[in-house]
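The values are calculated or read from the model by the stated rules, or taken from the named source; none is laboratory data. Fair warning: this is a prediction, and the values are worked out from it, not measured in the lab. Positions of Cβ are generated from backbone atoms using ideal geometry, with glycine treated the same way; all protein chains shown enter the neighbour counts. For accessibility, only protein heavy atoms count, side chains too; no ligands or nucleic acids. Shrake-Rupley method; radii C 1.70, N 1.55, O 1.52, S 1.80 Å.
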Amino acid sequence: MAYRATLKDVAAAAGVSVTTVSLVLNNRPARVSEEKRKAIADAAKKLNYVPNQSARSLVTKQSQLVALIVPDIENLFFAALAKCVEDECAEGYSLIVANSDDSRAAEHELLQRLPARGVDGVMLIPARESCVGSAVEQLCEDVALVSCPVVLIDRLTQCGWCDAVGFDNYLGGRLAAQYLLEGGHTRIGIVTGDIAESSAAERRRGFVDAIEQSGKHFDSSLCVEGDYRFDSGYRAANQIIDGGATAVFCCNDVMALGFRQRMAERGLHVTEDMQVIGYDNILKRFGLGWRMTTVEQSVTDLAAACWGMLRKRIDVAVRAKSGTESGDARPWLSDPQVEVLTPKLVQAACA
């Protein structure tokens, strides 16, 4: 096993005390000349010194680890969000990404296992199974027992019992409908997500309200429930096309791709024969969907907002553990904060 340099090794190489090395390398106040600081930095680099995180955690009461639990890591939106969260917390923290497979049982286990491994905070996109009926109460109980701060993302974000960040899904649905109505369409279809889950239901509600408030009739036969995957958009296409729709709103971009694929197989063209818009504006990050109009919920903004909220809660938790703040041992459970971000319509130049 390769030898791992210690603070003592760095101190000997730089000709200073171990205490001085510790203060300088941890960016703590110290009366140390620039010459000695440079000598310490050079010695640490030459020896390839890596701080002992376990020892540091005992002092700081922080592991410098945070967790992100996603329902489906194969979903492009969640994959992109994980990358953006990692970028946000990279300055000082490492990210663990865990997949719940949209399972209440798997999510329950992760909410027990990850804090037990010492993570400083958890960002959670709830599983679909956790967003329905009594399962919401079970999730609430799980979160209340977690020994570190938790921030909900994307789903159940306006529940009010936990810190949360998400987009205004109702407004997103309205934006999609208004765009198609302004294009002169009157028979408009929609491919939803699982409407038992709140964010999908809100997109559908905003979409339907906008159509009916414009004086047009929404034909429920043109509404097909999907699951945010390519195949569900593909399968929904026949019913909506055969129903006489001239436009369709697919509640994520991947389903819109599936819908467009089926259109192409039937010899139909986007815009000329039928307008198709998506939701998320995620495909361009992967070199796809350049000609698709979509409602954007920026993963960059979402990652920045959820990490900013969690980081503040972690700081509060550290002060509580160190005894510098009195009161509740888990202060992040009081006064939950909810931040709702605004989606926007992004119109493709040729779609």
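Contact map, the stretch 332-348: first residue without any contact (Cβ under 8 Å) to a residue 24 or more places away in the chain, second residue exposed (fewer than 15 other Cβ atoms within 10 Å of the Cβ), Cβ cut-off under 7 Å, separation 6 or more or different chains; pairs are S334/D328.
With respect to the conditions (1) out of contact with any Asp or Glu (no Cβ under 7 Å at 6 or more places or on another chain); (2) under 23 Å from G233 (Cβ atoms), T157 falls short on a single one, namely (2).
Among the residues of the stretch 257-267, some residue qualifies, meaning at least one is outside any helix (DSSP H, G or I) and open to solvent by 30 Å² or more (accessible area, probe 1.4 Å).
Considering M292, M263, the condition of being closer than 30 Å to R235 by Cβ and modelled with pLDDT of 95 or more is satisfied by M263 alone. Taken together, V151, V143 contain a single residue that is open to solvent by less than 60 Å² (accessible area, probe 1.4 Å), under 20 Å from A98 (Cα atoms), in a helix (DSSP H, G or I) and among the hydrophobic types (A, V, I, L, M, F, W, C), which is V143. For beta carbons closer than 6 Å, sequence separation of 6+ or different chains, a first residue in the stretch 259-283 that is farther than 23 Å from S199 by Cβ and of a type outside the set (A, V, I, L, M, F, W, C) and a second that is open to solvent by less than 80 Å² (accessible area, probe 1.4 Å) and in a helix (DSSP H, G or I), the qualifying pairs are Q261/Y234; R262/Y234; R262/A237. In the stretch 8-25, the residue that is least open to solvent (accessible area, probe 1.4 Å) out of those that are touching a residue at least 12 places away in the same chain (Cβ under 8 Å) and closer than 22 Å to E91 by Cα is V21.
Can you confirm whether the stretch 166-176 contains a residue that is in contact with a helix residue (DSSP H, G or I) (Cβ under 8 Å, 6 or more places away or on another chain), more than 26 Å from R235 (Cα to Cα) and assigned to a helix (DSSP H, G or I)? Yes: the stretch 166-176 contains one or more residues that are in contact with a helix residue (DSSP H, G or I) (Cβ under 8 Å, 6 or more places away or on another chain), more than 26 Å from R235 (Cα to Cα) and assigned to a helix (DSSP H, G or I). Scanning the stretch 96-133 for residues that are touching a Cys at 6+ places or on another chain (Cβ under 7 Å) and either open to solvent by 30 Å² or more (accessible area, probe 1.4 Å) or of a type in the set (V, I, T) (or both) returns V119, V122. Apart from one condition, V59 fits all of (1) touching a strand residue (DSSP E or B) at 6+ places or on another chain (Cβ under 6 Å); (2) at pLDDT below 85; (3) not small (G, A, S); the exception is (1).
The lone criterion from (1) within 16 Å of Q297 (Cβ to Cβ); (2) open to solvent by 20 Å² or more (accessible area, probe 1.4 Å); (3) of a type outside the set (V, I, T); (4) assigned to a helix (DSSP H, G or I) left unmet by Y228 is number (4). Evaluate the following for F249: is it touching a residue at least 60 places away in the same chain (Cβ under 8 Å), open to solvent by less than 20 Å² (accessible area, probe 1.4 Å) and over 30 Å from S147 (Cβ atoms)? Considered against the rule, which asks whether it is touching a residue at least 60 places away in the same chain (Cβ under 8 Å), open to solvent by less than 20 Å² (accessible area, probe 1.4 Å) and over 30 Å from S147 (Cβ atoms), F249 comes out as yes.
Would you check if there is a residue in the stretch 108-123 being closer than 20 Å to Y228 by Cα and outside any loop (DSSP other than H, G, I, E, B)? No, the stretch 108-123 contains no residue that is closer than 20 Å to Y228 by Cα and outside any loop (DSSP other than H, G, I, E, B). How about the stretch 179-198: which of its residues are open to solvent by 10 Å² or more (accessible area, probe 1.4 Å) and touching a Leu at 6+ places or on another chain (Cβ under 8 Å)? Of everything in the stretch 179-198, those that are open to solvent by 10 Å² or more (accessible area, probe 1.4 Å) and touching a Leu at 6+ places or on another chain (Cβ under 8 Å) turn out to be Y179, R187, S198.
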